[in-house]
Amino acid sequence: MLYFFFPRIDFNTLIVLVDVELPNIQVEGTYGMDGKLLLLPIRGSGPIHGNFSNCIGACKIQIEKYLENGEEKMRITDFKLKISVDKGIIKLDNLFGGEQVLGDVINLAINNNFDLFLKELSPLVEKALSDSFQNIASSIIQQFTFAQLFPGA
C-alpha cells in the first residue's frame, strides 16, 4: 500500500512537493558487480532480491501547462524521488560464479552493513521508482484539464 501526504503546490513555479509512505518495497532485478565491500573483493552478476520496509519518500515534481484542443492541460516534465529506508534485506545470487559459501558470507556481510550498501543502491531504486511514479501520475493527469485538477488556481 502507498500513502500520500498532502501535496504542497507552488502555482508560480508549477512545482509540486509531496511525501509518500511506502511500508514495503520489494526489489527484483539484475546486478553486475566487480568491487569491494568492507575490503572484501566482490565479483558476480545475476539476480538481486530486496525487501525494504518503513520507507519514506519525498517527491519533487515539475509540471508544465500546455494547450490541447484549446484546453489548458498539464504534463510532468521532471519527477525526482528521494527515499529513506528503515530496514531491509538484500540477496545477491551468483556471487563468485555461484560459489555458495562465499556468496552466503558476502550476503551476510551486506545485510549486517545494510546502511552502507543501501547508500550505493539508493540512487538506482530512487530512479526506478521516480520513473514508475512519473508514468503513473502522467497517465492520470493527462485525462484532465488544469482547471479540473486545480479549480480556482
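The values are calculated or read from the model by the stated rules, or taken from the named source; none is laboratory data. Predicted, not measured: the structure shown is a model, and the values here were computed from it. Heads up, the Cβs are rebuilt from the backbone with ideal geometry, glycines too, and the neighbour counts pull from every protein chain shown.
Out of everything in region 1-31 that is at pLDDT below 90, in contact with a Leu (Cβ under 7 Å, 6 or more places away or on another chain) and closer than 17 Å to residue 128 by Cα, what residue ends up being surrounded by the most Cβ atoms within 10 Å (Cβ to Cβ)?
Out of the qualifying residues, it is 22.
Within region 58-102, which residues are at positive phi and loosely packed, with under 12 Cβ neighbours inside 10 Å?
69, 70, 97, 98
Looking only at region 39-79, count every residue that is over 30 Å from residue 100 (Cα atoms) and either in contact with a Phe, Trp or Tyr (Cβ under 7 Å, 6 or more places away or on another chain) or touching a residue at least 12 places away in the same chain (Cβ under 8 Å) (or both) and tell me the total.
21
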